[in-house]
Amino acid sequence: MAKKIAVVLGSKSDQEKLKAGFELLDEFNLSYQLKIISAHRNPDELRGYCKKIEAEGFGLAIACAGLAAALPGFMASYLNIPVIGVGLKGGMFDGLDSLFSIVSAPKGIGLVSSGLGKNGFINAIISGLEILGVSDKESLEKAKKIKNKFK
């Protein structure tokens with residue numbers, strides 16, 4: 001059975017921006033849990049959530065945030081499962097600040113990024129399933145089906 005994916009957004013308004021990715025998660029019946037937690041406004045809640053998902057055996061976290069985008073790095077610093085960061089467009093630099101924040105994580109954090117916005121979220125889902133697919137055939141097959149959808 002495929003491991004559950006934690007999808008964490010920094011703001012409720014981010015959910016609409018990523019609608020196409022959530023539609024894929026649902027269409028392919030992927031097991032995920034959505035949480036909205038700001039790393040800046042609720043660090044204690046986010047720390048607790050990270051401990052919870054690791055204890056519950058989640059296999060992957062996808063963290064999406066804009067502007068300073070502390071969320072993905074914060075989660076990666078607490079988790080020992082793969083974390084994929086997705087920067088979101090907005091602000092005075094149209095998302096580049098969030099992307100740079102994610103790809104500039106200090107050594108030892110183990111954070112990767114799949115890009116910006118809707119496309120970055122879709123690519124995070126595919127890459128995450130491929131990572132999980134190393135030990136789970138079902139995840140790998142779903143990744144292949146999603147990739148074929150875009151050919």
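Read-outs: derived from the displayed coordinates by stated rules, not from any lab. Keep in mind that this is a model prediction, so the values were computed, not measured. Here the Cβ positions follow ideal geometry from the backbone for every residue, glycine too, while neighbour counts run over all protein chains shown.
Determine by what factor the alpha-carbon radius of gyration of the chain differs from 2.2 N^0.38 Å, reporting the quotient. Let's see the in-between values first.
Working: Rg = 14.2 Å, N = 151, 2.2 N^0.38 = 14.8 Å.
That works out to 0.96 for the chain.
Work out, step by step, the length gained on full extension between residue 44 and residue 68: first 0.36 nm times the residue separation, then minus their alpha carbon distance; give nm to one decimal.
Numbers: separation 24, 0.36 × 24 = 8.64 nm, distance 1.82 nm.
Full-extension gain reported as 6.8 nm.
Quote to one decimal, in nm, the extra length available between residue 130 and residue 94 on full extension: 0.36 nm per residue of separation minus the C-alpha distance between them.
In short, 10.1 nm is gained.
Under a Cβ-Cβ cut-off of 12 Å, what is the net charge of the residues other than residue 80 that fall near it, where Lys and Arg count +1 and Asp and Glu count -1?
Working: positive: 51; negative: 54.
Cβ neighbours under 12 Å give a net charge of 0.
Give the Rg/Rh ratio for region 43-108, taking Rg as the radius of gyration of the Cα atoms and Rh as the Kirkwood radius, to two decimals. Don't skip to the end; give the middle numbers.
Details: Rg = 12.2 Å, Rh = 12.1 Å.
Rg/Rh for region 43-108 comes to 1.00.
Give me, ordered by chain and number, the residues 5 or more places off residue 39 or on other chains with an amide H under 5 Å from its own placed amide H.
Amide H neighbours of residue 39: 71.
Is the shape of region 81-122 best called rounded, prolate or oblate, per the rule: a/c under 1.5 gives rounded, else a/b larger than b/c gives prolate, else oblate, with a ≥ b ≥ c the square roots of the Cα gyration tensor eigenvalues?
Oblate, since a/c reaches 1.5 and b/c is not below a/b.
For region 5-149, what is the charge dipole size about the Cα centre, in debye to the nearest 20, if Lys and Arg each add +1 at the Cβ and Asp and Glu each add -1 at the Cβ? Show your work: numbers first, answer last.
Details: 17 positive and 15 negative charges, 26 e Å.
It comes to approximately 120 debye.
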